[in-house]
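Q: Here's a structure for you.
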Amino acid sequence: MKVVALVGSIRKESFNLKLAKFMQKRYHGRLEIEILPIRELPHYDQDIENDPPEAVRDFKSKVAAADAVLWVTPEYNYSIPGVLKNAIDWLSRVDKVMIGKPSMVTGSSMGMLGSVRAQQHLRDILFSPGVSSPIILGNEVYIGAVHEKFDEAGHLNHEPTIAFLDQVVDNFIAWYKQLPAK
Ligand code: FNR
């Protein structure tokens with residue numbers, strides 16, 4: 001399955017980016033995960049949505065070509081970071097490349113709640129008419145105290161979290177396979 005990962009943090013040492021990279025490596029062969037950079041996307045602007053800059057066109061075509069989207073988001077002020085919302089706003093317009101495309105929502109934070117409020121907002125956004133992305137219900141991933149679960153080298157080394165992620169990915173793949181043919 002071809003999956004694009006959208007990571008809500010653009011900082012170099014992002015734990016969410018590390019999580020996306022961990023998943024890319026661990027599930028290689030079952031999920032071909034490409035992490036799409038969103039840092040260079042301009043601010044969404046309705047005036048240019050029909051003829052957007054190349055960065056936006058490339059981004060949208062990569063999402064369009066994927067079988068599914070993996071979201072990996074931190075929580076900023078009880079919601080998703082603006083940079084991620086901006087990316088979604090581009091995806092939701094004109095050719096609306098997210099419609100019908102399955103999503104898997106994950107995320108982490110240094111606090112105990114593991115980005116739960118951000119992910120709840122993200123689910124609301126994914127259900128908006130311009131996005132309309134099906135998600136598997138109940139298959140939720142909230143990694144709290146994330147800074148204690150990665151080692152110095154940036155590897156996830158918390159076995160219960162790894163076992164949990166394995167289960168969530170198994171559930172996601174099984175759910176994806178039973179969706180009507182795309
Ligand atoms: C945060 N953080 C945070 N954490 C949380 O649990 N709830 C929140 O509302 C917020 N709000 C918030 C706002 C801003 C502007 C920043 C910079 C941070 C903490 C945040 O989850 C933590 O820094 C994560 O580690 C950020 O993710 P990355 O960059 O490590 O992927």
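Only the coordinates and a few stated rules stand behind these numbers; no lab work does. What you see is a predicted model, and the numbers here were worked out from it, not measured in a lab. Glycine also receives a Cβ, built like all others from the backbone with ideal geometry; neighbour counts cover every protein chain displayed.
Q: Pull up the range 84-116, narrow it to residues that are within 21 Å of W175 (Cβ to Cβ) and small (G, A, S), then point me to the one that is nearest to the ligand (Cβ to nearest atom).
A: Going through the qualifying residues, I end up with G107.
Q: Of the residues that make up the range 39-51, is at least one within 16 Å of the ligand (Cβ to nearest atom) and either under 22 Å from I135 (Cα atoms) or out of contact with any His (no Cβ under 9 Å at 6 or more places or on another chain) (or both)? Before you say what the answer is, go through the steps one by one.
A: The initial filter retains those residues of the range 39-51 that are within 16 Å of the ligand (Cβ to nearest atom), namely 39.
Checking the rest, the ones that are also either under 22 Å from I135 (Cα atoms) or out of contact with any His (no Cβ under 9 Å at 6 or more places or on another chain) (or both) come to 39.
Yes, that holds for at least one residue.
Q: Checking L156 against (1) under 22 Å from R26 (Cα atoms); (2) within 15 Å of the ligand (Cβ to nearest atom); (3) aliphatic (A, V, I, L, M); (4) surrounded by fewer than 19 Cβ atoms within 10 Å (Cβ to Cβ): exactly one of these is not met. Which one?
A: The one condition L156 does not meet is (4).
Q: Listed residues A5, A20; which is within 15 Å of the ligand (Cβ to nearest atom), assigned to a strand (DSSP E or B), under 13 Å from the mean Cα position of the chain (by Cα) and under 21 Å from T161 (Cα atoms)? Full working, then the answer.
A: Working: A20 fails: assigned to a strand (DSSP E or B).
So the residue among A5, A20 that is within 15 Å of the ligand (Cβ to nearest atom), assigned to a strand (DSSP E or B), under 13 Å from the mean Cα position of the chain (by Cα) and under 21 Å from T161 (Cα atoms) is A5.
Q: Any residue in the range 65-72 that is on the phi < 0 side of the Ramachandran plot, surrounded by fewer than 19 Cβ atoms within 10 Å (Cβ to Cβ), touching a strand residue (DSSP E or B) at 6+ places or on another chain (Cβ under 8 Å) and among the acidic types (D, E)?
A: So the first thing to find is which residues in the range 65-72 are on the phi < 0 side of the Ramachandran plot, and the list is 65-72.
With the extra rule that they be surrounded by fewer than 19 Cβ atoms within 10 Å (Cβ to Cβ), the set shrinks to 65, 67.
Right, trim to touching a strand residue (DSSP E or B) at 6+ places or on another chain (Cβ under 8 Å) and you get 65, 67.
Now restrict to residues that are among the acidic types (D, E): 67.
Yes, that holds for at least one residue.
Q: Checking Q119 against (1) within 16 Å of the ligand (Cβ to nearest atom); (2) without any contact (Cβ under 8 Å) to a residue 60 or more places away in the chain; (3) more than 12 Å from the chain's Cα centre (by Cα), only one condition comes out false. Which one?
A: Among (1) within 16 Å of the ligand (Cβ to nearest atom); (2) without any contact (Cβ under 8 Å) to a residue 60 or more places away in the chain; (3) more than 12 Å from the chain's Cα centre (by Cα), Q119 violates only (3).
Q: In addition: Considering only the range 42-63, state which residues are part of a loop (DSSP other than H, G, I, E, B) and over 17 Å from V83 (Cβ atoms). Break it down stepwise before answering.
A: From the range 42-63, those part of a loop (DSSP other than H, G, I, E, B) are 42-45, 49-53; that's our starting set.
Hits for the range 42-63 are E49, N50, D51.
Q: Could you say which residue among L137, L179, L165 is aliphatic (A, V, I, L, M), buried (at least 16 other Cβ atoms within 10 Å of the Cβ) and out of contact with any Asp or Glu (no Cβ under 9 Å at 6 or more places or on another chain)? Before the answer, list the steps.
A: Numbers: L137 fails: buried (at least 16 other Cβ atoms within 10 Å of the Cβ); L179 fails: buried (at least 16 other Cβ atoms within 10 Å of the Cβ).
So the residue among L137, L179, L165 that is aliphatic (A, V, I, L, M), buried (at least 16 other Cβ atoms within 10 Å of the Cβ) and out of contact with any Asp or Glu (no Cβ under 9 Å at 6 or more places or on another chain) is L165.
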